[in-house]
Amino acid sequence: MQVVNSRLRRDLTMRSRVEKKFSMREVGDLLGLTKNYYESMLSKSAEEEPSFPAGVRDGRERHYTLDDLMLIRAHLQSLPHRRRPYLHWRQPGDPLKIVTFGAQKGGTGKSLSAAHFAQYLTMNYGLRVGLIDCDPQATASLYFADDESHLFDPEIATVAAFMGVSEPGETDLVTRPTAELDAMWQPTPWAGIRLIPGGSDIQNGDISLFLLAQRAQVPVHSVLKNAIERWDDDYGPKNRFADLRRADGSFDTERYAAALRETVDVIVIDQQPSLTLMQLNGLVAATSVIVPQTMKGFDLSTLSTYSQNIAEYLDYIEETSADAIGIGRHVVLPTIVQEANDKDVDQIVDLYQRAPELFLQVWYPRSDAVANAAEEYKSIYEYDPPRSRRASTKTFIDSANAVNDALVGVVWGSALPSRGYARDFIKARWQE
């Protein structure tokens, strides 16, 4: 009976993925606007521009979808005299960020962290995000699956096919045209997010890479990095914000739709909990590496093993090529922290004091809210809880916002404006 109920909940979510709607106040918060300004601005824009989302009226309130939110951002960003940035897309010539979530141990919230980061970026900045699920279990992919996506069809390409190593019997690396690589990005119900899903043939990639290494034909640690660079060379950003307006000043919805799917502004990679050749590729491709890590003694020992193994790989790589993990900042993200237990929090404080550039001051707490959302195969950002669970859900969302705000600072520095969530989290929990 429990298995049947679980399947029913999964099927319901697949049919109604991202069903959650956002109030005008929530839209204003996500845009970073004050109440008086966003109410007048949204109402005025809806009256003046036919393509501006008017939302759906529910009683005295209007509600908006994530698609509406992205379109609102594009409308406002394309105005010639806007007050502030609303949309943070890459412009032609801007580099592509690649953020890899990796860990040696399973059960650290790695897939949850990667999925929530991708969703946070599109909700709070309107970024176009490419998520690559490098785990054969495809956990991160479940957060983006619906009944139209067919993400788990065995014919759908995984990262192994993107890299050209999905067939272990191949004698050479398969270099596909970039148009084929672009076609491997699957649409998702989340506005602005595309996905290369996980799947079992990722394990074939390790066999292929091992055989290629034996034949010494290619630097097997940088196959993914090279594939991404080839794709980005041909499918980087072409449209500028001003291009979203016609000569008469009206908003061009067709140009917007094309620009929304023309490229991605950041790639988020979710790794398998291991350090195989496939997973090494995800590290070498990264500009920043995030290591989700629980704070228990035994678990922390795996962090030491993981870092030592990476260091040994890098020593070898640097002797044989110019490739290495990207020049961005790399950090450890504490996860599943028992806040009621001083041991976990004290461990974070101690680690941060020892290595403040490596350990974050924000964390994901252990929470029933995660399990409650997972029961419905939903992320915390799309979960719409019953009244009895709203408080715990709100508390976890606050932590998720703090984590993701901190990660934005890690990856982009001051290039993307902080929302202040990490600052508020640290102020409330850390003593001077």
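The values are calculated or read from the model by the stated rules, or taken from the named source; none is laboratory data. Remember, it's a predicted structure, so these values are computed and weren't measured experimentally. Here the Cβ positions follow ideal geometry from the backbone for every residue, glycine too, while neighbour counts run over all protein chains shown. When the accessible area is computed, the model is the full protein with side chains, heavy atoms only, and any ligands, DNA or RNA have been set aside. Shrake-Rupley method; radii C 1.70, N 1.55, O 1.52, S 1.80 Å.
Residue-wise test of (1) of a type outside the set (Phe, Trp, Tyr); (2) in contact with a strand residue (DSSP E or B) (Cβ under 8 Å, 6 or more places away or on another chain); (3) more than 24 Å from Asp233 (Cα to Cα).
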residue	(1), (2), (3)
Phe152	no, no, yes
Ile156	yes, yes, no
Ala160	yes, no, no
Glu167	yes, no, yes
Arg176	yes, no, no
Ile202	yes, no, yes
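Would you mind finding the one in Asp201, Asp234, Asp172 that is of a type in the set (D, E, K, R) and modelled with pLDDT of 95 or more?
Selected residue: Asp234, the only one of Asp201, Asp234, Asp172 that is of a type in the set (D, E, K, R) and modelled with pLDDT of 95 or more.
Checking the conditions here, which among Ala340, Ala415, Ala402 is surrounded by fewer than 13 Cβ atoms within 10 Å (Cβ to Cβ), closer than 24 Å to Leu33 by Cβ and among the aliphatic types (A, V, I, L, M)?
Being surrounded by fewer than 13 Cβ atoms within 10 Å (Cβ to Cβ), closer than 24 Å to Leu33 by Cβ and among the aliphatic types (A, V, I, L, M) holds for just one of Ala340, Ala415, Ala402, which is Ala415.
Looking only at residues that are of a type in the set (Val, Ile, Thr) and outside any helix (DSSP H, G or I) in segment 160-200, which one is surrounded by the most Cβ atoms within 10 Å (Cβ to Cβ)?
The qualifying residue surrounded by the most Cβ atoms within 10 Å (Cβ to Cβ) is Val165.
If only one of Arg60, Arg73 is within 19 Å of Arg245 (Cβ to Cβ) and without any contact (Cβ under 8 Å) to a residue 60 or more places away in the chain, which one is it?
Result of the check over Arg60, Arg73: Arg73.
Taking the options Asp342, Asp405, Asp398, name whichever one is at pLDDT below 90 and not hydrophobic (A, V, I, L, M, F, W, C).
Among Asp342, Asp405, Asp398, only Asp342 is at pLDDT below 90 and not hydrophobic (A, V, I, L, M, F, W, C).
If I ask for residues that are open to solvent by less than 40 Å² (accessible area, probe 1.4 Å) and touching a strand residue (DSSP E or B) at 6+ places or on another chain (Cβ under 9 Å), which ones from segment 72-82 would you list?
Ile72, Ala74, His75, Ser78
So Ala340 passes all but one of these: (1) in a loop (DSSP other than H, G, I, E, B); (2) within 29 Å of Thr65 (Cα to Cα); (3) hydrophobic (A, V, I, L, M, F, W, C). Which condition number does it fail?
(2)
Would you mind telling me which numbered condition in (1) touching a helix residue (DSSP H, G or I) at 6+ places or on another chain (Cβ under 8 Å); (2) among the basic types (Lys, Arg); (3) modelled with pLDDT of 90 or more Arg90 fails?
(1)
For Tyr38, which of the numbered conditions (1) closer than 19 Å to Leu244 by Cβ; (2) without any contact (Cβ under 8 Å) to a residue 60 or more places away in the chain; (3) among the aromatic types (Phe, Trp, Tyr) fails to hold?
(1)
With Arg240, Arg230, Arg246 as the choices, which residue is closer than 24 Å to Thr263 by Cα, of a type outside the set (A, V, I, L, M, F, W, C), surrounded by fewer than 22 Cβ atoms within 10 Å (Cβ to Cβ) and without any contact (Cβ under 8 Å) to a residue 24 or more places away in the chain?
The match here is Arg246.
For segment 30-41, which residues satisfy the criterion of being surrounded by 16 or more Cβ atoms within 10 Å (Cβ to Cβ) and within 28 Å of the chain's Cα centre (by Cα)?
Leu30, Leu31, Leu33, Tyr38
Could you say which residue among Ala391, Ala369, Ala422 is surrounded by 17 or more Cβ atoms within 10 Å (Cβ to Cβ) and under 19 Å from Asp29 (Cβ atoms)?
After applying the criteria, what remains is Ala422.
Keeping to segment 128-150, report how many residues are among the hydrophobic types (A, V, I, L, M, F, W, C), surrounded by fewer than 23 Cβ atoms within 10 Å (Cβ to Cβ) and in contact with a helix residue (DSSP H, G or I) (Cβ under 8 Å, 6 or more places away or on another chain).
Of the residues in segment 128-150, 1 are among the hydrophobic types (A, V, I, L, M, F, W, C), surrounded by fewer than 23 Cβ atoms within 10 Å (Cβ to Cβ) and in contact with a helix residue (DSSP H, G or I) (Cβ under 8 Å, 6 or more places away or on another chain).
Out of the residues in segment 42-67 that are closer than 22 Å to Gly249 by Cβ and in a loop (DSSP other than H, G, I, E, B), state the one that is most open to solvent (accessible area, probe 1.4 Å).
Pro50
Do we find a residue being touching a helix residue (DSSP H, G or I) at 6+ places or on another chain (Cβ under 8 Å), among the aromatic types (Phe, Trp, Tyr) and within 30 Å of Gly420 (Cα to Cα) anywhere in segment 184-192?
Yes: segment 184-192 contains one or more residues that are touching a helix residue (DSSP H, G or I) at 6+ places or on another chain (Cβ under 8 Å), among the aromatic types (Phe, Trp, Tyr) and within 30 Å of Gly420 (Cα to Cα).
Is segment 373-384 home to any residue that is open to solvent by 20 Å² or more (accessible area, probe 1.4 Å), at pLDDT 90 or above, within 25 Å of His88 (Cβ to Cβ) and polar (S, T, N, Q)?
No, segment 373-384 has no match at all.
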